Amino acid sequence: MSDQVPLLEASGLTVRFGKVTALDGFDLVAGTGQLLAILGPNGAGKTTFVRAVATLVRPAGGTLRVLGHDVAGDPIAVRREIGLAGQFAAVEPTMTGLENLQMTARLFGHRRRAAARAAATVIDLLDLGAVAGRRCATYSGGQRRRLDLGASLVGAPRLLLLDEPTTGLDPVSRREVWAAVRGLAQAGTNVLLTTHYLEEADELADHVVIIDHGRAVAAGPLAELKANIGRDVIEVEVSQPGQLPAAAQVLSAVTGSEPRVDPLVHRASVTVGSASQPGAAALAAVLTGLAGQHVSVGEIGVRRPTLDEVFLTLTGHRAGRQGQPESAGRRLQGSAR
Amino acid sequence: MTQPTMTLPPAVIGRPAAPPAALTAAAQVAIRVLRKFVRTPGLWAMGIVQSALFLFAFRYVFGGAAHVPGSSYVDYLVPGYVATIVLFTGGGIAVAVADDRAQGLTDRLLSLPIPRLALVLGRASADFATNVWSILFTAAAGFLFGFRLVDGAAHALGALGLCLVYGVVFTVVFMVIGLFAPNAQAAQGMSMIAFVLAFISSTYVPVATMPGWLQAFARYQPITPMVDAVHAQLAGSTSDVALALAWSAALLLVFTPIAVLRYRRA
Ligand SMILES: Nc1ncnc2c1ncn2[C@@H]1O[C@H](COP(=O)(O)OP(=O)(O)O)[C@@H](O)[C@H]1O
Ligand SMILES: [Mg+2]
């Protein structure tokens, strides 16, 4: 039975573009029935992995199996199992949503009638009824994305590939897409998505693989990863720059870990010591400590770590490409692209 | 993990029994290209407006100063102009192909269970149809601006046939340009090579009027025999036709496999 076959099995997967090694011995095993997220900064190799799964790039080394089919040996079988929604919404803007879906359904192999039915089903499923008869050029970013998602679904694939499905979307559209993806996953569709937002992986994924420089640097159920690396961060902004060292000392004393100090913005932050010491509990101790040192606090809070901080913990370098100035890594947190 | 792999869409939609037949897939690809063309005035109108404007300028602005032996300038100009119009309007094909790649549409198509050849065939047939549109419109503009068939309509069919053959050839050439261009702007720029070929040929003036060093290039590039063959056909002769067809076949034989191979790994 196919239930026993893993959804994805990558072993030592290597993909090169000329001198650039986009995937460098990437390993991954994922079972069916879950939402898998590949999390990593720009240039980490996420798109390349999705394209490898979609049989669009030829690996230079290693193996990759999709639901048991080898991508190099039997690409046709792989293509029959997958639906791809790439990094950009690949819909024809001069065609209506309905026309786009029907065309893709025909290309998946549906006969005319079945294609019409599949398109109608997907329009219902993704709540696109109000705009289905309009040309896609008039769609909002979120509607376009959902239609693109729909186009990858009309062939009833067993694995849905979503490359950065919400990059460049406003918060409202992002939530629309999240809801759609969650609905599909809950109904049992296998989903592989890539993202550079920790928040997105947090929101959607059961299983997360963190990728950096073409390698998997951490993998596992999200809760497990969070317990290990995704610890809360306490951040303090002092009103008087001179008190920054004192604030840092308090953070260090309470949590037992090395604080990060950013004199430019008068901020010090620290990762909370252990999973058993939740951020809020530590925060009370930090506040008491700061009051004891007469540090006047401009702003203080507990927050989820940024992707940058997770990377720092995991790899010892920031999330930007190696060799780039630190600010390149920071920009990641904004909406890149 | 132990959840069944039954997915929602298969349950509701049902999986297609088999991938589509190659011709069905090619037709779908072609229909999309044609819909885009017909629904974008910038595509179907701009090319022909430009074509008519340039023909107007050559005919009425430069035409008074241009003298060619043995015929009026308009009768010399129009056949070559129609034969080479796809060199100008065909740039749109390269741009569209490059755009599809940049927008991820090509990736989507390549991820579907359809033969690569169906993709190339569908795309090329639709693009050829857009070239036919340019050729027919330009021919009509030629008549409007005073071109007359001196030798009856029968020979005109042979000339038109040649123009359509060139339409096929340059469809594939521009597809290849689009497949190698990193983006739409680059495709546009790379398509300018075609202008050079058209201008330094017998299209607008006889090659004999050019300086000697330029004549060497003009004579031995494919456009000159292609244009000369059209002139010959109109006059009821077949001189240069074999050479023009040989050039066409050679270009197709070189560029078609490049297009197919490049699509495979686009
Ligand atoms: N077609 C390509 N040609 C050359 N280099 C590429 C190509 N695609 C990706 N790369 C390079 O491979 C690396 C990984 O890229 P990509 O997989 O797109 O990363 P991500 O999707 O995580 O941002 C980058 O250095 C990128 O520049
Ligand atoms: Mg990417």
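What follows is calculated from the coordinates using simple rules that are stated; it is not laboratory data. A quick note: this is a predicted structure, and the numbers were derived from the prediction, not measured. Here the Cβ is made from the backbone with ideal geometry for all residues, glycine too, and neighbour counts use every protein chain on show.
A few notes on this one:
- Per residue, the convex hull around the alpha carbon atoms of the range B:190-246 comes to 87 Å³.
- Note: relative contact order over chain A, using C-alpha pairs below 8 Å and six or more positions apart, is 18 percent.
- Space enclosed by the convex hull of the alpha-carbon atoms of the range A:9-142, per residue, Å³: 142 Å³
- Simple spin-label estimate for A:VAL20 and A:ARG182 gives 3.4 nm between the two label positions (7 Å along the Cα-to-Cβ direction from each Cα).
- Reduced Cα scattering model of the protein assembly as shown, Debye log10 I(q)/I(0), q = 0.07, 0.08, 0.11 Å⁻¹: -0.57, -0.69, -1.02
- Each residue, B:SER71 and B:ALA18, gets one label point 7 Å from its Cα in the Cβ direction; the gap between the two is 5.3 nm.
- Share of alpha-carbon pairs per 10 Å distance bin for the range B:58-101, given as whole %: 25, 34, 21, 15, 5
- Per-selection Rg to Rh, the range A:225-270 - Cα, Kirkwood hydrodynamic radius: 1.03
- Packing rank of A:8-19, A:141-152, where each peptide gets the mean count of other beta carbons within 10 Å, highest leading: A:141-152, A:8-19
- Under 5 Å, built H, 5+ apart or other chain: amide partners of A:ARG215: A:ASP24
- Volume per residue that the Cα convex hull of the range A:231-303 spans, once the total is divided by residue count, Å³: 69 Å³
- Normalising the average separation of contacting C-alpha pairs (under 8 angstrom, six or more residues apart) by the number of residues puts the relative contact order of chain B at 26 percent.
- With R₀ fixed at 51 Å, the C-beta to C-beta distance from A:ASP124 to B:VAL254 puts the FRET efficiency at about 0.55.
- Estimated from helices alone, the mean residue ellipticity of chain B at 222 nm is -23500 deg cm²/dmol (sum of -39500 (n - 2.57) over DSSP H runs with n ≥ 4, per residue).
- For chain A, the alpha-carbon coordinates run over 75, 46, 38 Å along the three principal axes, in decreasing order.
- Pair-distance distribution P(r) for the range A:1-57, from all Cα-Cα distances in 5 Å bins starting at 0: 5, 16, 26, 26, 15, 7, 4, 1, 0 percent.
- Prolate/oblate/rounded label for the range A:94-145 (Cα gyration tensor, a/c 1.5): prolate
- The mean sequence distance of close C-alpha pairs (under 8 Å, at least 6 residues apart), as a share of the length of the range A:231-303, puts its relative contact order at 46 percent.
- Helix-only [θ]222 nm of chain A, DSSP H runs n ≥ 4, -39500 (n - 2.57) each, per residue, nearest 500: -11000 deg cm²/dmol
- For the range A:239-275 versus the range B:107-145, the gap between their alpha-carbon centres in whole angstrom: 64 Å
- Distance between the modelled labels on A:ALA291 and B:ALA154, one decimal in nanometres: 10.9 nm (7 Å Cα→Cβ projection).
- Within a Gaussian network of chain B (alpha carbon springs, distance under 10 Å), most fluctuating of B:PRO69, B:PRO20, B:PRO222: B:PRO69
- Across the range A:148-156, computed HN-Hα scalar couplings (Karplus, 6.51 cos²θ - 1.76 cosθ + 1.60, θ = phi - 60°) run 4, 4, x, 4, 6, 9, 5, x, 6 Hz from first to last residue, x flagging Gly and Pro.
- Fraction of antiparallel bridges per DSSP, the protein assembly as shown only, in percent to nearest 5: 65 percent
- Mean Kyte hydropathy of -0.5 or more with a Cα span along the axis of at least 24 Å, helices from DSSP in chain B: B:22-39, B:116-144, B:153-180, B:241-264
- Rg and Dmax of chain B, Cα atoms only, in Å: 21.6, 86
- Within chain A, percent of DSSP bridges classed antiparallel, to nearest 5: 65 percent
- Exercise: per-residue mean of other protein chain Cβ atoms within 10 Å, B:98-111: 6
- Taking the number of Cβ atoms within 10 Å of each Cβ as an exposure proxy, the fewest-first ranking of B:THR138, A:THR315 is A:THR315, B:THR138.
- Reported to the nearest whole Å, the Cα centre-to-centre distance from the range A:33-106 to the range A:169-199 is 16.
- Partners of A:LYS19 within straight-line reach, counting lysines whose Cα lies under 29 Å from its Cα and excluding those fewer than 8 residues away in the same chain: A:LYS46.
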